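Presented below is the structure to which this report refers.
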Amino acid sequence: MSGRFAAIILAAGLSSRLADPALPHGGFKPLLPLDGETLLGRAVALFRAAGVDEILVVTGHRAAEVQAEAERLALSCIHNPEFAHGMFSSVRAGLAALPHGLDGTFVLPVDIPLVRPTTLRRLQAAFSGQPALVPEFFGEAGHPPLIAAWAAPFILGWNGEEGLRGALAALCAFTGCPGGPPRVPVPDAGVLFDLDRSKDYREALRRWARRGVPTAEETAALLDVYKVAPRGRAHGRAVADAALALARALTNAETPLDVELLESAALLHDIAKGRPGHEMEGGRLLDAEGFFEAARIVAAHRDIRPVDAPRLGERELVYFADKLIRCDRFVGVAARFQEKLDAFAADAQAVRAITRRKENALHMQARIEVAAGRDISEILAASGIETKDAPCR
């Protein structure tokens, strides 16, 4: 749904569980740095990336410092003098200060810094006047909720029991969604990650540095969200197994390999199968999701010229592993390309293009075999992968 959406960033809390003199600003959450920006700045960037420009910051503890940071970010603030009473008091302060004419409002605590912009876009697209929507990752509801503007008076009058969650559950029960706010599945583990203690801050720094690589759970969620069929998943799993076998054989060769990236990209390489130019389209989809490291691998898996492969990296191994697999079994480069050559035998231009891609794949195979000191069949057999020249199921 198109509409006018706002955001409330809750930055009024005491940060008491994170308080640590060894951390920047003593562990005060809104001002903690994350890759050159404060957590408040990260939240603002999230909303602006999703096209939400009406952003309100609720201040409380250390209000002057938060307001100064908000002013740097060109934001409006509202002070919650009752911030010590809990987060729900800040939710109400924010809702009460919003302008009229909105369709809905996101509410995000400042200590949930890793939500992806596509999550907000999915919530906006699914919004059609419900009391609220929440993102769901692997069966668990997360942040931020998107709350209908018409629901604000009910929330403002709520008795406070169980805070915002209780208010939304009660409102939904009254309006025909007794299970609570409807959930929108998202491939975004960040909706469940909050930053309460020092170890969480260290984990946030690690996750931010790895944000371009889907986790195993995010990979599975992406396959679900994009409705990849069982046959496509089986092919992706077989390609991933082959790529991992190649990586193990190259443990001591060239540069270190990122096994998590390798596996996720292999599992996702055909995420856009069936669409025109599915390799590039798959890369575009993953890049839009924020998984830019996996995107560059998926976009390149159709063909890689020797001149464009200065190293044997994750991109090269996923590309080559795909050339070994028909459906969900290993058949080798020759058999894989012979199918194409037979299918397009009457088209001289297609035959030339397929032959060129086959030569590129054989060049990659020779390079891998030299680096590993073994031929491909031996490498795969060592991982229990055997040749199976049977029809696809």
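The values are calculated or read from the model by the stated rules, or taken from the named source; none is laboratory data. These numbers were taken from a predicted model, which means no experiment stands behind them. For neighbour counting, all protein chains shown are included, and Cβ atoms are generated from backbone atoms with ideal geometry for every residue, glycine included. Remember, those area values only see protein heavy atoms, side chains included, never the ligands or the DNA or RNA. Shrake-Rupley method; radii C 1.70, N 1.55, O 1.52, S 1.80 Å.
Points to keep in mind about this one:
- Residue-averaged [θ]222 nm for the chain, counting only DSSP H segments that reach four residues, each worth -39500 (n - 2.57): -14000 deg cm²/dmol
- Computed over protein heavy atoms with a 1.4 Å probe, the carbon and sulfur contribution to the accessible area of segment 240-293 reaches 54%.
- Max mean-square fluctuation residue, GNM over the chain, Cα-Cα springs under 10 Å, options Cys177, Cys327, Cys77: Cys177
- If you wrap the tightest convex hull around every Cα atom of segment 49-207 and split its volume per residue, you get 130 Å³.
- The P(r) of segment 266-378 has a tail past 22 Å containing 35 percent of all C-alpha pairs.
- Total lysine pairs whose alpha carbons fall under 30 Å of each other in the chain (8 or more apart, or interchain): 15
- Among Thr215, Thr119, Thr251: highest mean-square fluctuation, GNM of the chain, C-alpha pairs under 10 Å: Thr251
- In this structure, the amide hydrogen of Ala132, modeled 1.01 Å from its nitrogen in the peptide plane, lies closer than 5 angstrom to those of Ala148, counting only residues at least 5 positions away or on a different chain.
- Loop-located GluC sites (Glu not before Pro) in segment 345-390 whose Cβ has at most 12 other Cβ within 10 Å (DSSP): Glu386
- Cα gyration tensor shape of segment 184-316, rounded if a/c is under 1.5, else prolate or oblate by comparing a/b with b/c: oblate
- Which label in (1) 56, 49, 48; (2) 104, 55, 34; (3) 73, 49, 34 gives the computed Cα extents along the principal axes in Å: (3)
- Residue-count net charge about Leu362 - beta-carbon cut-off 13 Å; Lys, Arg +1, Asp, Glu -1: +3
- Bridge type composition, the chain - antiparallel percent by DSSP, nearest 5: 35 percent
- Among Ala167, Pro30, Ala209 the positive-end extreme of the charge dipole of the chain (Cβ point charges): Ala209
- Using Cβ point charges alone (K and R +1, D and E -1), the dipole size of segment 167-287 about the Cα centre works out to roughly 180 debye.
- Three-way shape label, segment 164-205, alpha-carbon gyration tensor, a/c 1.5: oblate
- Gyration tensor (alpha-carbon) shape descriptor, segment 81-149, a/c threshold 1.5: oblate
- Around the Cα centre of the chain, unit charges on the Cβ atoms of Lys, Arg, Asp and Glu (plus for the first two, minus for the last two) sum to a dipole of about 700 debye.
- Note on Arg202 and Ala371: the model spin-label points, each 7 Å out from Cα along the C-beta direction, lie 3.3 nm apart.
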